[in-house]
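Asks: Sharing a structure, written as structure tokens. Questions coming.
The values are calculated or read from the model by the stated rules, or taken from the named source; none is laboratory data. Here the structure is a predicted model, which means the values were calculated and not measured. Positions of Cβ are backbone-derived with ideal geometry, glycine not excepted, and every protein chain shown enters the neighbour counts.
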């Protein structure tokens, strides 16, 4: 195992935080070393200093893409924090149906990982609107910094175990069996999700119109407080008045300083 010194870890951690917001604490040193070991070996590096120099000097973007893929966890599953989806269907969609006059819903799954969250939102929207869905533009924007998980998400292939938590009618209606214990999401739902690579640390967001709902769940747990605060402020600016922000249940916004109003655990609203 190629060892990483404290100085090398600090240098790499500072680069990652500056460019991607991810705060790697000192206790993550062994994890980083383990996850990157095979990358160093495959490139014939004998030290993390040489690897760092390679990452910052590579102009193709491939090196940093691999680094991001290796250090991000990208763990998610269908119906994670299910109360959020219930609230989205029972409260938010009826509100949006009644108030969005141009029938253009703008929903963003930020940090979408392998696609379970945005596909779930697309299925909920399809079920809610039924035949009236034809009159709505309700595509879900799904973004992540990891090209690897975005590739998996766009394919929409999941194991039967992965989708076993979904309602039976969803499994029958929105998935097609592919053999070997695999199922693929239907084209009907796949075409309702737009996947894009996007770094939440971009100083300004490039979106022309504001969103009605933003899901950014279990992403900010990797950020330090100043990074979280700056991101939340950007989310606030990107939401329509009355828009909702969903974060993870292990995350929270300080009620004394946040511009958002608290709705329920891990759900906030811009008034």
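Asks: Only one of 86, 37 is part of a helix (DSSP H, G or I), surrounded by fewer than 17 Cβ atoms within 10 Å (Cβ to Cβ) and free of Cβ contacts under 8 Å to residues at least 24 places away in the same chain; which?
Replies: On the way: 37 fails: free of Cβ contacts under 8 Å to residues at least 24 places away in the same chain.
Selected residue: 86, the only one of 86, 37 that is part of a helix (DSSP H, G or I), surrounded by fewer than 17 Cβ atoms within 10 Å (Cβ to Cβ) and free of Cβ contacts under 8 Å to residues at least 24 places away in the same chain.
Condition check ((1) more than 30 Å from residue 132 (Cα to Cα); (2) in contact with a helix residue (DSSP H, G or I) (Cβ under 9 Å, 6 or more places away or on another chain); (3) not in a loop (DSSP other than H, G, I, E, B)) across all residues:
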{"site": "17", "(1), (2), (3)": "yes, yes, yes"}
{"site": "24", "(1), (2), (3)": "yes, yes, no"}
{"site": "27", "(1), (2), (3)": "yes, no, yes"}
{"site": "55", "(1), (2), (3)": "yes, yes, yes"}
{"site": "63", "(1), (2), (3)": "yes, yes, yes"}
{"site": "68", "(1), (2), (3)": "yes, yes, yes"}
{"site": "79", "(1), (2), (3)": "no, yes, no"}
{"site": "94", "(1), (2), (3)": "no, yes, yes"}
{"site": "102", "(1), (2), (3)": "no, no, no"}
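Asks: Among the residues of segment 50-72, write down those that are within 17 Å of residue 31 (Cα to Cα) and modelled with pLDDT of 95 or more. Working first, answer last.
Replies: Looking only at segment 50-72, we keep the residues that are within 17 Å of residue 31 (Cα to Cα), and these are 51-52, 66-72.
Within segment 50-72, 51, 52 qualify.
Asks: Among the residues of segment 241-262, which ones are outside any loop (DSSP other than H, G, I, E, B) and either buried (at least 18 other Cβ atoms within 10 Å of the Cβ) or free of Cβ contacts under 8 Å to residues at least 40 places away in the same chain (or both)? Let's see the steps before the verdict.
Replies: Quick first cut of segment 241-262, residues outside any loop (DSSP other than H, G, I, E, B) only: 241-246, 261-262.
If the condition is that a residue be outside any loop (DSSP other than H, G, I, E, B) and either buried (at least 18 other Cβ atoms within 10 Å of the Cβ) or free of Cβ contacts under 8 Å to residues at least 40 places away in the same chain (or both), then 241, 243, 244, 245, 246, 261, 262 are the ones that fit.
Asks: Given 228, 234, 152, 133, which one is within 30 Å of residue 98 (Cα to Cα), under 18 Å from the mean Cα position of the chain (by Cα), without any contact (Cβ under 8 Å) to a residue 40 or more places away in the chain and assigned to a helix (DSSP H, G or I)?
Replies: Numbers: 228 fails: within 30 Å of residue 98 (Cα to Cα); 152 fails: within 30 Å of residue 98 (Cα to Cα); 133 fails: under 18 Å from the mean Cα position of the chain (by Cα).
Only one candidate passes the filter, namely 234.
Asks: If we scan segment 147-155, do we find a residue that is in contact with a helix residue (DSSP H, G or I) (Cβ under 6 Å, 6 or more places away or on another chain), modelled with pLDDT under 95 and in the same structural domain as residue 87 (by TED's automatic domain parsing)? Please lay out each step first, then the result.
Replies: Here is the first cut: in segment 147-155, the ones in contact with a helix residue (DSSP H, G or I) (Cβ under 6 Å, 6 or more places away or on another chain) are 147-148.
Now drop any that are not modelled with pLDDT under 95, which leaves 147-148.
Those still in the list that are in the same structural domain as residue 87 (by TED's automatic domain parsing) too: 147-148.
Yes - at least one qualifying residue is present in segment 147-155.
Asks: Given the residues 184, 194, which is the only one that is within 28 Å of residue 94 (Cβ to Cβ) and at pLDDT 95 or above? Spell out the reasoning first.
Replies: Numbers: 184 fails: within 28 Å of residue 94 (Cβ to Cβ).
Matching residue, one of 184, 194: 194.
Asks: Checking residue 31 against (1) in contact with a helix residue (DSSP H, G or I) (Cβ under 7 Å, 6 or more places away or on another chain); (2) part of a helix (DSSP H, G or I); (3) modelled with pLDDT under 95, which single condition isn't satisfied?
Replies: (1)
Asks: Right, another one. Could you list all residues from segment 169-224 that are at positive phi and surrounded by 14 or more Cβ atoms within 10 Å (Cβ to Cβ)? Talk me through it step by step, then tell me what you get.
Replies: Looking only at segment 169-224, we keep the residues that are at positive phi, and these are 179-181, 218.
Hit for segment 169-224 is 218, nothing else.
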